[in-house]
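Student: This is the structure I want to talk about, given as C-alpha cells.
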Amino acid sequence: MNTVQATRLVAAREIRVKLRDKTFLFSTLFFLLIAAAATILPPLLSGGPSTVAVTEQSAGPLRAAGLEVRTVPDDRAAEQAVRDDEVDAAVVSGPAVLAMDEAPDDVVAALSSQPQVRLLDPDALDPVAAFLVPFFFAFIFYVTSQVFGVQIAQSIIEEKQTRIVEILAAAVPVRALLAGKMVAGTLLALGQIVLVALVAVAGMAFGDGGGLLPLLGPAIGWFVPFFIVGFVLVAAMWAAAGALVNRLEDIGGVSTPVQLAVMLPFFAVIFLKDNATAMQVLSYVPFSAPTAMPLRLFNGDAAIWEPVAALVLLLLTAFAFLLAGARVYQGALLRTNGRTSIRTAWRSRESVS
C-alpha cells in the first residue's frame, strides 16, 4: 500500500466516523438552523404593511404607499374596525389616525408631506450588511477551524492514549495518518460550510436579501480557496499540538498558541473592519487573510491583483507550517510516556518516518 492509498484509506475512515458522530451531526444541524433563522426570520417578523380603514376619499395616498386599504362608510365605522381588531389603523376626518396601542408609522408617513431626498452615494452598503458580512466570514472561519482543528487533535490523542497508534503506524506510513486526518477534516469542514451557505442563500432569496447576493458572489468565490488553505495551516498546528500530549486533559497546555493564532485575527477583523489601512495589512497576514481579504473584496477596497498575491503568500505559509507540523507530528506520535517537547519531537522525527 503506497502513501496515496493509505491516505485515502485513513481519510475515508475519519469521514465515516464523523458522519456517525451525533455531536458532529447536531452541530451541523445547529449551524443550518442559525443560517436559516438569520435569513428567513427577520422579514417574517417584521410583518407586512398596515391594514387601514378609511373612507373612499382618503384612500388614494394610502394605496399609493402600498398599504392595504379597507373602505368604510364613515368615521364611526372606521373607529369600530380598529376596536374590533379588523384593521391596524383608521384615518378619520381631520385628518387623524386612530390606532389601539401603537402609532402606525407607515400610515403616518403615507399621510405626511415629505421633502425630496437625494442620495449622494446611492450604492453605499447597507449598515446592517456592513456589520453582518465581516462577522459572517470571521465567525465561519474561526468556529470551523477551531471545532475541526480540536477534533483532529483529539483524534490523535485518543489513538495515542489507547496505544492504537502503534498498530496504525505499523500498517500505514505515519505521514499518511496525518495526511488522511487533514484531508478528512478539510472535506468535512468545507462540506459543512457549503451546506450553511446554501441554506443562507436560499433564505436570502426567500426573504428580502436577494439584492445582497450579487455583492457577495465575488467575496464568497474567493473565501472558499482562502478558507481551504487557511484551514490546512491551522489544522497542521492542531495536529502537531495533539501529537505532543498523551491525554485529552493535557491538550489545553499545548493548544494556547494555536487558539491565539485564530482568535486574535478574528477579533482584529471584527473591530478594525472600518480601518482601511489595518484591513489591508490583515488581508496579507496568513492567519487573518481568509477573512480580511474576502471582506475587502466585498467592500470593493481590494485591487484585482491583491487576492492573488495574498493567496500565494498564504499558500507558501501553509506549506511551511504543514512541513513543520508533519515533522513534529512524526517525531512525537509514538512517544507515549508523557508530554513531548517540540524540540524533542523535531529531532526524533527520522526514527518514525
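Student: If the cut-off is a Cα-Cα distance under 28 Å, which lysines reach residue 181, setting aside same-chain residues fewer than 8 apart in sequence?
Tutor: 18, 22, 160
Student: A further question follows. Taking Rh as the Kirkwood radius, which is the inverse of the mean 1/r over Cα pairs, what is the Rg/Rh value for region 263-353?
Tutor: Value, to two decimals: 1.19.
Student: In Å³ and rounded to a whole number, note down the convex hull volume per residue for the Cα atoms of region 246-290.
Tutor: 74
Student: While we're on this one: What's the center-to-center distance, using Cα atoms, between region 289-335 and region 166-187 in Å?
Tutor: Region 289-335 and region 166-187 have Cα centres spaced 22 Å from each other.
Every number in this text was worked out from the coordinates using simple rules, so none of it is lab data. As the structure is a computational prediction, the values presented were derived from the model and not from experiment.
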